[in-house]
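K.L.:
The following block contains the structure, expressed as structure tokens.
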Amino acid sequence: MRFLGIGDYCDLGALYLRLIEEGHEVKVSIGNPLCSGTLAGLVERAPDWRNELDWVRAAGRDGIILFENVAKNRGAVQDELRGEGFNVIGGSAYGDRLENDRAYAQRVLAAAGLPIARNWEFTDRAAALDFLQKNPARYVLKFNGPDASIDNYVGRLADGRDVRAMLDKLARPEALQASFVLMEFIEGVEMGVGAYFDGDNFLLPACLDWEHKRFFPGDLGELTGEMGTVVTYERSRRFFERTLGRMEQLLRENGHCGYVNLNTIVNERGIWPLEFTCRFGYPGFAILTPLQETAWGDLFAAMVSRATTGFATRPGFSVGIVLTLPPFPYSRPQVEEPVGLPVLFDGEPTAADRANLHYCELGLEHGELVTSGIYGWAMVVTGVGDSIASAQQRANRLADRVLIPNVRYRRDIGERLIARDYARVERLGLLDPP
């Protein structure tokens, strides 16, 4: 099969490498010049993806285009390419709006019968500050649009003074050019559900995930894109049907084809949906890889042919750890940091090790593996086990063997789940019977 990847930062680097390992032809178009070194020497580069469309078309039904993100109206471009007869997996204009327009997504979820937290959308900082002054409470501040997570803020004070301070003094000016949402804070366990949608149906099983977004152990520091996640395909049907499964008809009507994730808060009062991811989630796709028995190429072939509504998975849990470098959680050129740092391993990785090493912003320089890119997302390391604890231990052991100058990562991914949160989810009756 032939795959053409399109994005700005090469977020799907690990996926492209898996497809090459499976024997497929892969080309990738990387839009941001600062990311020119990412996957250098590992995957064939396409300077302009438009010039590769004939190459994709020549493969017939075996030619597939993969889109990485929801920026730059890429969803509308995908819809146009589908109209021209191309097989496209990634998202849609509808998916872009669900992800980028939080207030709209909340209205859609309410119409689908899900309870939603009270939320208020603003385009003006002064109006939001006036609202907070008149309505003191604990809030979550979320900005609309791609690449907005670094500016989001979860309030801790019951009168909202910290959110007012964040909005008034700390939020970056460029973030305030976008609209933003104030959402009432809801206590509970943050829990996501995701599945691949082929244009007609979801492919099951769905996955369940528990993200760890804070930069430091103990859930301290900045809200990053993600520092690690616990995922499983087991016991997911009940939660999927009560949440993401309700979106099937809308996704079908709007021509979406790709991965969709719904993040929620769950507590004794119910399931509270927060936000959509309507694209391949990084590092989510990498953390799911060890649990997917069906090869990536076969999964994508099934999606474009719409020949099945299921695929094979492995039991247990996968724990993923994101290995980061400066300037993460910021970016170049916001913070100038060198690239080209050596990536070494303590002992030659075995085949089993390599199945759990997922490269992102890495490439070859003079035949040596080095760092590259704009964000400092070096790689994801995974561990798989029958329990969250055993998967965590394996992930930590492998991460300790990756040697990069100034590498940082969290060793506590899954700790709260092990200590109390997974048991709470069990008590809430949200999982299928064991």
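K.L.:
Tell me, in nm to one decimal, what length is gained between Glu44 and Arg156 on full extension, where the rule is 0.36 nm per residue of separation less the Cα-Cα distance?
P.N.:
35.6 nm
K.L.:
How far apart, in nm, are two points set 7 Å out from the Cα along the Cα-to-Cβ line at Arg269 and at Thr123?
P.N.:
If labels sit at Arg269 and Thr123, their model points lie 3.1 nm apart.
K.L.:
Going by the alpha-carbon gyration tensor, a ≥ b ≥ c the square roots of its eigenvalues, is segment 334-417 rounded (a/c under 1.5) or, if a/c is not under 1.5, prolate (a/b greater than b/c) versus oblate?
P.N.:
oblate
K.L.:
Continuing with the same structure: Could you tell me which of rounded, prolate or oblate describes the chain, using a ≥ b ≥ c as the square roots of the eigenvalues of the alpha-carbon gyration tensor, with rounded for a/c under 1.5 and, failing that, prolate when a/b is larger than b/c and oblate otherwise?
P.N.:
Rounded shape, in that the Cα axes give a/c under 1.5.
K.L.:
Given 0.36 nm per residue, what is the gain on full extension from Asn73 to Arg411 after removing their alpha carbon distance, in nm?
P.N.:
That works out to 118.0 nm of additional length.
K.L.:
Next up: Which whole-angstrom value gives the distance between the alpha carbon centres of segment 343-384 and segment 177-209?
P.N.:
Rounded to whole Å, the Cα centres lie 28 Å apart.
K.L.:
Straight-line reach from Lys27: which lysines fall under 24 Å, measuring Cα to Cα and dropping same-chain residues less than 8 apart?
P.N.:
Lys72
K.L.:
A further question follows. Would segment 1-101 count as rounded, prolate or oblate if I go by the C-alpha gyration tensor, calling it rounded below 1.5 in a/c and otherwise prolate when a/b exceeds b/c, oblate otherwise?
P.N.:
Because a/c hits 1.5 or more and a/b fails to exceed b/c, segment 1-101 counts as oblate.
K.L.:
Beyond 18 Å, how much of the Cα-Cα pair distribution for segment 260-366 remains, as a whole percent?
P.N.:
Numbers: 3926 of 5671 pairs.
Cα-Cα pairs of segment 260-366 separated by over 18 Å account for 69 percent.
K.L.:
Here's something else I'd like to know. For Lys169, list the lysines whose Cα falls under 17 Å from its own Cα; do not include residues on the same chain fewer than 8 positions away.
P.N.:
Lys142
K.L.:
Pull up the cross-link candidates among the aspartates and glutamates for Lys134, meaning alpha carbon to alpha carbon under 12 Å and not fewer than 8 places away within one chain.
P.N.:
Asp159
K.L.:
Which order do the peptides 103-111, 341-349 come out in when sorted by mean C-beta neighbours inside 10 angstrom, highest first?
P.N.:
103-111, 341-349
K.L.:
Return the long-range amide H neighbours of Thr38 (sequence gap of 5 or more, or a different chain), with a cut-off of under 5 Å between placed amide H atoms.
P.N.:
Under 5 Å from the amide H of Thr38 lie the amide H atoms of Gly373, each far enough along the sequence or on another chain.
K.L.:
What fraction of the Cα pairs in segment 53-170, stated in percent, has a spacing above 22 angstrom?
P.N.:
For segment 53-170, the fraction of Cα-Cα distances above 22 Å is 52 percent.
Read-outs: derived from the displayed coordinates by stated rules, not from any lab. The structure displayed is predicted, hence computed values, not measured ones. Glycine also receives a Cβ, built like all others from the backbone with ideal geometry; neighbour counts cover every protein chain displayed.
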